[in-house]
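The block underneath contains the structure these notes are about, expressed in structure tokens.
The values are calculated or read from the model by the stated rules, or taken from the named source; none is laboratory data. These numbers come from a predicted model, not from an experiment. When we count neighbours, we look across all protein chains shown, and the Cβ atoms used for this are built from the backbone with ideal geometry, even at glycine. Calculation scope for accessible area: heavy atoms of the full protein, side chains included, ligands and nucleic acids excluded. Shrake-Rupley method; radii C 1.70, N 1.55, O 1.52, S 1.80 Å.
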Amino acid sequence: MRRSPLVLLLFLAAAAVSGHAQAVESADVRQLTITAGSTASVFQPGEGGNQLVGVGTYVDLHFTHWFQVEAEGRWMRWNEYYGEHEDNYLIGPRVPIMQFGTGTQLYGKALIGYGKMTFPFGYGYGTFTDLAFGAAVDHRLGRKLSVKADFEYQYWPNWLNNGSLSPYGASVGVGYRVF
């Protein structure tokens, strides 16, 4: 007769332990999300007074809240100054800064890659190291769609004759959350 309460107590303790093992803490959830999108950009190429206009694409990989990566490509081919244009291919971390409500996030980014430039009047072209720093705002329109606006400052440290170039500009775009 004394065994019944002891067996019942052990059974309930085992059930409680196994029940706790099924719970997942929300801070430990690791969920990969991928958002791909396209952008329209206006950039000051860093020399001259002409602003280049172009299109681009981006992919945001969101591993956790603090571990995020952004990759982007941009082709600045409109409003050229006598054939001058730029292309950028960049990748790097993005860091969340502030969340506004449930659908808007401000984040910073630091990207590295290369920029390609074709010079005016057919003078030549080159490929240069490109460091980019920026801030962006993502706003979710629904479960899958989002809009994005960002500002980016680039630094090309090894431009012509050991000089540097500092293009800067803004982009707006639409993204689709793949998963």
Trp75 - would you say it is aromatic (Phe, Trp, Tyr), under 19 Å from Ala170 (Cβ atoms) and open to solvent by 30 Å² or more (accessible area, probe 1.4 Å)? yes
Residue within segment 85-92 that is open to solvent by 30 Å² or more (accessible area, probe 1.4 Å) and hydrophobic (A, V, I, L, M, F, W, C) present: yes
Within segment 164-179, how many residues turn out to be of a type in the set (Phe, Trp, Tyr) and either out of contact with any strand residue (DSSP E or B) (no Cβ under 7 Å at 6 or more places or on another chain) or buried (at least 16 other Cβ atoms within 10 Å of the Cβ) (or both)? 1
Would you pick out the residues in segment 119-163 that are open to solvent by 60 Å² or more (accessible area, probe 1.4 Å) and either small (Gly, Ala, Ser) or closer than 15 Å to Gly56 by Cα (or both)? Gly122, Phe151
Check whether at least one residue in segment 152-170 is within 13 Å of the chain's Cα centre (by Cα) and not acidic (Asp, Glu), and report yes or no. no
Could you grab the pairs with beta carbons closer than 6 Å, sequence gap of 6+ or different chains, first residue in segment 62-91 and within 18 Å of Tyr176 (Cα to Cα) and of a type outside the set (Ser, Thr, Tyr), second one open to solvent by less than 60 Å² (accessible area, probe 1.4 Å) and assigned to a loop (DSSP other than H, G, I, E, B)? none
Within segment 8-48, tally of residues that are in a loop (DSSP other than H, G, I, E, B) and either at pLDDT 65 or above or surrounded by 10 or more Cβ atoms within 10 Å (Cβ to Cβ) (or both): 6
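Residue by residue, here is whether (1) basic (Lys, Arg); (2) more than 16 Å from His139 (Cα to Cα) holds:
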| site | (1), (2) |
| --- | --- |
| Val59 | no, no |
| Gln68 | no, yes |
| Arg74 | yes, yes |
| Tyr81 | no, yes |
| Glu84 | no, yes |
| Asn88 | no, yes |
| Met98 | no, no |
| Ala110 | no, yes |
| Tyr114 | no, yes |
Are any of the residues in segment 57-76 in contact with a helix residue (DSSP H, G or I) (Cβ under 6 Å, 6 or more places away or on another chain) and modelled with pLDDT under 90? no
